[in-house]
1. Can you pull out the residues in segment 36-52 that are open to solvent by 80 Å² or more (accessible area, probe 1.4 Å) and at pLDDT below 90?
2. Is one or more of the residues making up segment 15-34 farther than 27 Å from SER98 by Cα, assigned to a helix (DSSP H, G or I), touching a helix residue (DSSP H, G or I) at 6+ places or on another chain (Cβ under 9 Å) and modelled with pLDDT of 80 or more?
3. When segment 75-102 is examined, which residues are found to be surrounded by fewer than 17 Cβ atoms within 10 Å (Cβ to Cβ), over 14 Å from the mean Cα position of the chain (by Cα) and within 20 Å of HIS52 (Cα to Cα)?
4. Taking the residues in segment 53-68 that are out of contact with any His (no Cβ under 9 Å at 6 or more places or on another chain) and among the charged types (D, E, K, R) as candidates, determine which candidate is surrounded by the most Cβ atoms within 10 Å (Cβ to Cβ).
5. Take ALA109 and tell me if it is at pLDDT 90 or above and either hydrophobic (A, V, I, L, M, F, W, C) or not in a loop (DSSP other than H, G, I, E, B) (or both).
Amino acid sequence: NPTDKPTPIPTNSPIISPPTASCTDVESFIHRGVERDCDWVVAGGRCRGFAHLCPLSCDDECDCLSNQRVCASDDDCCSGVCAGGACACRGKRQSCESGDQCCSGVCNADNRCGDKRKPFH
């Protein structure tokens with residue numbers, strides 16, 4: 001039996017959700033008197049100083065910024081530490097929830113940053 005409505009044509013193209021309002025690259029910005037964009041940031045390896053403006057282009061830093069990225073507050077940083085305008089890691093014996101927050105990469109069972117992992121011999 002024929003139908004009155006055509007059926008949708010299947011597609012192999014992926015469906016990509018648009019970025020959320022809180023996670024978008026700026027279209028352009030002024031740096032030292034020159035208009036720049038996120039392509040300039042990525043091409044020149046400048047994410048350290050501009051990831052806050054280009055979170056999608058700079059390794060998808062949408063939820064939080066990596067160590068040494070420019071920040072405005074502790075909430076901006078994955079480590080929860082914004083010191084002197086840059087994200088910083090937490091030192092030995094500071095509180096942690098995951099190894100990503102610690103300079104050593106180790107968050108012990110007592111939720112304190114530990115020593116760097118030592119290779120097995």
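1. ARG48, HIS52, listed by residue number.
2. no
3. ALA83, GLY84, GLY85
4. Of everything passing the filter in segment 53-68, ASP59 is surrounded by the most Cβ atoms within 10 Å (Cβ to Cβ).
5. It is true that ALA109 is at pLDDT 90 or above and either hydrophobic (A, V, I, L, M, F, W, C) or not in a loop (DSSP other than H, G, I, E, B) (or both).
The values are calculated or read from the model by the stated rules, or taken from the named source; none is laboratory data. No experiment lies behind these values; they were computed from the predicted model shown. FYI the Cβ positions are ideal-geometry reconstructions off the backbone, even for glycines, and counts take in every protein chain you see. To get the accessible areas, we keep the full protein, side chains included, count just its heavy atoms, and leave off ligands, DNA and RNA. Shrake-Rupley method; radii C 1.70, N 1.55, O 1.52, S 1.80 Å.
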